Amino acid sequence: QVQLVESGGGLVEPGGSLRLSCTASGRISSINSAGWYRQAVGKERELVAVISSSRNINYADSVKDRFTISRDNAKNAVYLQMNSLKPEDTAVYYCHVVSIIGYPYWGQGTQVTVSS
């Protein structure tokens with residue numbers, strides 16, 4: 001059994017920052033790729049950022065230059081630093097990891113609300 005525990009969501013004013021964390025525990029020796037997705041009300045789930053085992057990174061165009069994804073292999077953790085947040089960033093954010101043997105796992109989701 002593998003668990004992904006997310007934290008760091010919340011309510012922030014436009015222009016503010018949040019840092020999301022996701023830690024994998026249980027029967028997972030190491031992570032291959034890891035990423036963050038988000039789903040706003042009434043919309044499809046979309047990729048926000050992904051980082052590979054070799055630290056190649058891709059971002060959605062809507063978050064480039066504002067969000068930064070990083071990982072800590074020793075902790076089986078992945079992070080998303082979100083700056084200059086906009087109301088349109090409001091969504092449930094999900095952590096997604098693929099284990100070294102190719103199994104995908106999803107976190108439970110953490111709500112991010114950007115509002116004044």
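When the criteria are applied in full, S84 meets the requirement of being of a type in the set (G, A, S), at pLDDT 95 or above and either under 18 Å from G8 (Cβ atoms) or touching a Leu at 6+ places or on another chain (Cβ under 6 Å) (or both).
Candidates in the stretch 64-89 are the residues that are surrounded by fewer than 18 Cβ atoms within 10 Å (Cβ to Cβ) and in contact (Cβ under 8 Å) with a residue 24 or more places away in the chain; of these, the one that is nearest to V5 (Cα to Cα) is K75.
Every residue in the stretch 76-99 that is β-branched (V, I, T) and under 12 Å from the mean Cα position of the chain (by Cα), please. Step through it out loud before you land on a result.
Applying the first criterion (β-branched (V, I, T)) to the stretch 76-99 yields 78, 90, 92, 97-98.
Correct list: V78, V92, V97.
Checked against (1) open to solvent by 50 Å² or more (accessible area, probe 1.4 Å); (2) out of contact with any His (no Cβ under 9 Å at 6 or more places or on another chain), G102 meets all criteria but (1). Here G102 fulfils each of the conditions (1) outside any loop (DSSP other than H, G, I, E, B); (2) more than 15 Å from the chain's Cα centre (by Cα) apart from (1).
The values are calculated or read from the model by the stated rules, or taken from the named source; none is laboratory data. These figures come from a predicted structure and were not determined experimentally. Neighbour counts run over all protein chains shown; Cβ positions are idealised from the backbone, glycine included. In case anyone asks, the SASA skips ligands and DNA or RNA and just uses the protein heavy atoms, side chains included. Shrake-Rupley method; radii C 1.70, N 1.55, O 1.52, S 1.80 Å.
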